[in-house]
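Comments concern the structure below.
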Amino acid sequence: MKKISILVTFFLLFVSLIWGQLWTEDFESTGGYSTSIVEFTDNGTDYFIRTDGSNISGESFNNILGLYYFAAQDIDGDGAILPVTLTIDDVDISGYTNLLLKVYLAEDDDGTNQDWDAVDYVHIGYDIDNIGSFTPLLWIENSGSTFNTAPFLDTDFDGVGDGAEITDTFTQFTVSIPSTGSFLDIQIEFDLSDGDEDIAIDNIELFGDGPVPVNLSTFYAVYD
């Protein structure tokens, strides 16, 4: 009897999960975000701008990553109406779970004491699939004193800093995003209204578990 060889190809889709970086904003190049006001600096201590430090003054940061970062201080000193925002739109998170946001933060005091007041804050929030409102993700507030304390993470979003202190050394903070969808917006809201109330932000990164397709299997079947 004649043998017959048949080439059989099965296209199989095995779905596994791989942990990885979805997106990053390191401020090394322009673009990638929008701001509610035009970026500005008076080349002194009033600014809201992507910078390499050469067009602002009075601040000194350690552990700077790359050349550029985004910084703000006394934002209404040149007439801006607070609060102001920096927004990142439509990061593709389709198929990803266990999302984490990582961000480097720093703040420099005036050399003698810390100067954030109770009314000052920086709030980072997120919006999934453009529902139109931002959920609190990472807040920075002072200790609850009326005037002149250091900024801290506000872990329970009650307007009082109760977590890690933001110092003049760029330090990475990580927070979990407890939901997912197709697109993610990130918004940073700033309300810093006086001198020596500053923030510097760098390397905003998004990580998650994503599906990876594994391709095909081929073999020969031989029949008598």
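The values are calculated or read from the model by the stated rules, or taken from the named source; none is laboratory data. Just so it is clear, the model here is predicted, and its values are computed rather than measured. Every residue, glycine among them, receives a Cβ derived from its backbone with ideal geometry; neighbour counts consider all protein chains shown. Ligands, DNA and RNA are excluded from the accessible area calculation, which covers all protein heavy atoms including side chains. Shrake-Rupley method; radii C 1.70, N 1.55, O 1.52, S 1.80 Å.
Considered as a group, the residues in segment 10-19 that are more than 20 Å from the chain's Cα centre (by Cα) and either closer than 19 Å to Leu86 by Cβ or open to solvent by 60 Å² or more (accessible area, probe 1.4 Å) (or both) include one that is modelled with the highest pLDDT, and that residue is Ile18.
Residues are listed down the side, and each one gets a yes or a no for (1) touching a helix residue (DSSP H, G or I) at 6+ places or on another chain (Cβ under 6 Å); (2) surrounded by 15 or more Cβ atoms within 10 Å (Cβ to Cβ); (3) part of a loop (DSSP other than H, G, I, E, B):
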| residue | (1), (2), (3) |
| --- | --- |
| Gln21 | no, no, no |
| Phe27 | no, yes, yes |
| Phe48 | yes, yes, no |
| Gly53 | no, yes, yes |
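If a residue has to be open to solvent by less than 40 Å² (accessible area, probe 1.4 Å) and in contact with a strand residue (DSSP E or B) (Cβ under 7 Å, 6 or more places away or on another chain) to count, how many in segment 101-118 make the cut? Spell out how you get there, then give the answer.
At the first step, the residues of segment 101-118 found to be open to solvent by less than 40 Å² (accessible area, probe 1.4 Å) are 101, 103, 105-108, 114-117.
Narrowing further to those that are in contact with a strand residue (DSSP E or B) (Cβ under 7 Å, 6 or more places away or on another chain): 101, 103, 105-108, 114, 116.
Going through segment 101-118 one residue at a time, the tally reaches 8.
Looking at the structure I just gave you, is Thr169 farther than 21 Å from Leu100 by Cα, open to solvent by 30 Å² or more (accessible area, probe 1.4 Å), in contact with a Phe, Trp or Tyr (Cβ under 8 Å, 6 or more places away or on another chain) and of a type in the set (Val, Ile, Thr)? Spelling it out, Thr169 is indeed farther than 21 Å from Leu100 by Cα, open to solvent by 30 Å² or more (accessible area, probe 1.4 Å), in contact with a Phe, Trp or Tyr (Cβ under 8 Å, 6 or more places away or on another chain) and of a type in the set (Val, Ile, Thr).
Quick check on my filter: what residues within segment 100-121 are over 12 Å from the mean Cα position of the chain (by Cα) and in a strand (DSSP E or B)? First the steps, then the outcome.
Of all residues in segment 100-121, those over 12 Å from the mean Cα position of the chain (by Cα) come to 106-121.
Listed by number, the residues that qualify are Ala106, Trp116, Tyr121.
For Ile88, the test of being modelled with pLDDT of 95 or more, of a type in the set (A, V, I, L, M), surrounded by fewer than 17 Cβ atoms within 10 Å (Cβ to Cβ) and not in a helix (DSSP H, G or I) is failed. Among the residues of segment 139-149, is any at pLDDT 95 or above and farther than 17 Å from Asp109 by Cα? There is at least one residue in segment 139-149 that is at pLDDT 95 or above and farther than 17 Å from Asp109 by Cα. Of the residues making up segment 177-197, just one is at pLDDT below 95 and either assigned to a strand (DSSP E or B) or at positive phi (or both), namely Asp196. Do you know which residues across segment 60-81 are closer than 18 Å to Tyr121 by Cα, open to solvent by less than 40 Å² (accessible area, probe 1.4 Å) and in a loop (DSSP other than H, G, I, E, B)? Passing the criteria: Asp74, Ala80.
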